[in-house]
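A short write-up of the structure that comes next.
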Amino acid sequence: MPDSHLPPVEELLSAAVTALGGSERPGQIQMVKAVQKAIDDEEHVAVQAGTGTGKSLAYLVPSIRHAMDTDSPVIISTATIALQRQLVDRDLPRLAETLAKELPHEPSFAILKGRRNYLCRYKATAGWPEDDEQDQLFDPREVSATGRMIQRIQEWADETETGDRDELVPGVNEQAWRQFSVSAQECLGAQRCPSGPECFAELARARAGEVDVVVTNHALLAIDAMGEIPVLPEHEVVVVDEAHELVDRVTSVVTSELSEQSVSLAVRRVGRLIEQPIADQLMEAGEDLKALLAAAPAGRIDELPEVLGLTLALVRDAAGRCVTALGPRGGDKDDPEKAGQRKAAFNALDEVHDTAVRMLEAYGHASEADRAEVVWLDEGNDRRPPVLRVAPLNVGGMLRERLFGDRTVVLTSATLALGGTFDGMARQWGLGDKGWTGLDVGSPFDHPRAGILYVAKHLPQPGRDGLPQAYLDEIAELIEAAGGRTLGLFSSMRAAKAATEALRERLGVPLLCQGDDSTMLLVKQFAEDEPTCLFGTLSLWQGVDVPGPALRLVIIDRVPFPRPDDPLTSARQRHVQARGGNGFMTVAATHAALLLAQGTGRLLRSMDDRGVIAVLDPRLATARYSGFLLGSLPPFWRTVDPAVPRAALQRLSE
């Protein structure tokens, strides 16, 4: 590493904290030193930093210093748009202005998203294969609303300087936006596209190549790491914030799907570009697939049924013949419109062909321990036909080779040390025994004084038949003691709605349920009206930040294990078991611990917050794995006595 002439990282942090009107915290100082050491030693580090630590400052300061020192940008990757916006709109502008006095120049930064998030100038002005799904029946009101959105995008296209979809307020639906955007696979490339010199996506990438800090998301980070063509500027250091989400986001990127819809889209795309009989063969294979999927039971497909194997082979071969009939790739250089149509056709055909191949290759392994991928069928509904999906059982190997291989990676979150150790997350990331360290810098909150963790040990174990009456009574009594001010986190939308319906009339406080309105508006309403309660499911477990007296009680209905019939997690669990490991603890208990830690983390969001977390599931106190789950949570004061939380909540409400 360069022998830096820049101020030490501790001095920069001190200057930043002073200028921003804060005070340095021990955990923040510990983290900033650990990040700087990882960068200097070119080793990976995982840092657990609780809410209130000031972790974004603790990784941004050494990141900016490294970028200045090496003239190489640092990549900051987040899982959520909310954190991206916080970094780009609040943290980085204030920090850049502050550090300008201490560094050779004012630090610069940019946000970089996937190509689909930017308006494509060429598609907006030229002929392009339509994405409309003509097999779907739309509500006429929906069509007219989409038409108005398309008109609004056209007007905005003439005035936007960035082409960034997020500039459009209010937003537009996916159907409207698809008329103006292209994926990376569909893009003609800056050299061949008539609009190449003024392409918004290319301009955003060029800006990202000139700045000190590039903010992006886990999906784009995965695409950059796993793909052959880089989409991020060259870099030596990556900071993965919200690192507990990394494996799920990477898994989503490398999951492929096949349906009658994807086959018919390929047929429409190839259109008149090849002889009709060849395209008809693919259409017939797609119809065979449609009939087969409509009759097949949903769920994991462990052994390949003969009829499915034959159908996938038909789809694969028909798509391959269409690709051959299209001729050489990269033709029609002098005809951009024809080139665009051919590129779109190749893209759709490749996706169908390669996914069929991948699904066929998922079988034929010698034993369960040798299996690398899982195939399953998602049942359809009124708006969407059944879909076949294929995903890897483990993305650790990919991450180890493609993400961690030749760069320094800093991973951070409030929830990484599950069961008191980083080993579970490190295993998922593919990190071996060497080359990384784990550090828990704690939290500025005094958890035993600020919060009570109450486990309702006296309640019956949760069953599959909805919420027992005893659970509803317990929820009602706790909310009455708190005077409302409750966030109810449920393991399913069905449970959240059932609790809402059963308690709305019974309680004397407003009760909102996820789905009543947009989640963002519901959370705003919950935060602004103190007695209000909000019930919901998964996105609320991780996405709610409500400091102050509006939130005094967090209720969790049950330990959030993955559903037993979830195809991917059940296959991963069985795979670990086949290799001699403990599938339940490695997969199901780790999943539950992570969500529990995220859910309990909703309670304390500022230094003055006080309250109760009530877990209604007695297994958290009685099951053999309860020690692992409790070891994953902050050190709240614990009780199983129902009188204790009620008395505490009544004191707080008074």
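Of 391, 426, all but one fail to be in contact (Cβ under 8 Å) with a residue 40 or more places away in the chain, more than 23 Å from residue 227 (Cβ to Cβ) and among the aliphatic types (A, V, I, L, M); the exception is 426.
Hey, residue 397 hits all of (1) farther than 24 Å from residue 220 by Cα; (2) modelled with pLDDT under 95 but one; which does it fall short on? Answer for residue 397: the failing condition is (1). Say whether the condition of being in contact with a Pro (Cβ under 6 Å, 6 or more places away or on another chain), open to solvent by 50 Å² or more (accessible area, probe 1.4 Å) and part of a loop (DSSP other than H, G, I, E, B) is met by at least one residue in the stretch 367-383. Yes, there is a match, as at least one residue in the stretch 367-383 is in contact with a Pro (Cβ under 6 Å, 6 or more places away or on another chain), open to solvent by 50 Å² or more (accessible area, probe 1.4 Å) and part of a loop (DSSP other than H, G, I, E, B). Each residue in the stretch 365-383 was checked for being in contact (Cβ under 8 Å) with a residue 60 or more places away in the chain and not small (Gly, Ala, Ser), and 9 of them qualify. Scanning the stretch 140-163 turns up one or more residues that are at pLDDT 90 or above, within 23 Å of residue 224 (Cα to Cα) and either touching a Lys or Arg at 6+ places or on another chain (Cβ under 8 Å) or among the charged types (D, E, K, R) (or both). Can you find a residue that is surrounded by fewer than 18 Cβ atoms within 10 Å (Cβ to Cβ) and of a type in the set (Lys, Arg) anywhere in the stretch 36-45? Looking through the stretch 36-45, at least one residue is surrounded by fewer than 18 Cβ atoms within 10 Å (Cβ to Cβ) and of a type in the set (Lys, Arg).
Looking at 47, 35, just one residue is in a strand (DSSP E or B), under 26 Å from the mean Cα position of the chain (by Cα) and closer than 30 Å to residue 423 by Cβ, and that residue is 47.
Based on what the data block shows, is residue 257 among the acidic types (Asp, Glu), within 30 Å of residue 308 (Cα to Cα) and touching a strand residue (DSSP E or B) at 6+ places or on another chain (Cβ under 7 Å)? Yes; evaluated as a whole, the condition is true for this residue.
Could you go through the stretch 593-600 and let me know if any residue there is of a type outside the set (A, V, I, L, M, F, W, C) and open to solvent by 20 Å² or more (accessible area, probe 1.4 Å).
Checking the stretch 593-600: not a single residue is of a type outside the set (A, V, I, L, M, F, W, C) and open to solvent by 20 Å² or more (accessible area, probe 1.4 Å).
Is there a residue in the stretch 302-310 that is within 30 Å of residue 188 (Cα to Cα) and over 35 Å from the mean Cα position of the chain (by Cα)? No, the conditions are met nowhere in the stretch 302-310. Are any of the residues in the stretch 98-108 touching a helix residue (DSSP H, G or I) at 6+ places or on another chain (Cβ under 7 Å), of a type in the set (A, V, I, L, M), at pLDDT 90 or above and more than 30 Å from residue 13 (Cβ to Cβ)? No, because not a single residue in the stretch 98-108 is touching a helix residue (DSSP H, G or I) at 6+ places or on another chain (Cβ under 7 Å), of a type in the set (A, V, I, L, M), at pLDDT 90 or above and more than 30 Å from residue 13 (Cβ to Cβ). Scanning the stretch 149-179 for residues that are more than 25 Å from the chain's Cα centre (by Cα) and surrounded by fewer than 12 Cβ atoms within 10 Å (Cβ to Cβ) yields 151, 155, 158, 159, 161.
The values are calculated or read from the model by the stated rules, or taken from the named source; none is laboratory data. Every value quoted in this text rests on a predicted model; they were computed, and no experiment measured them. Please note: Cβ atoms are built from the backbone with ideal geometry, for glycine as well, and neighbour counts cover all protein chains shown. For accessibility, only protein heavy atoms count, side chains too; no ligands or nucleic acids. Shrake-Rupley method; radii C 1.70, N 1.55, O 1.52, S 1.80 Å.
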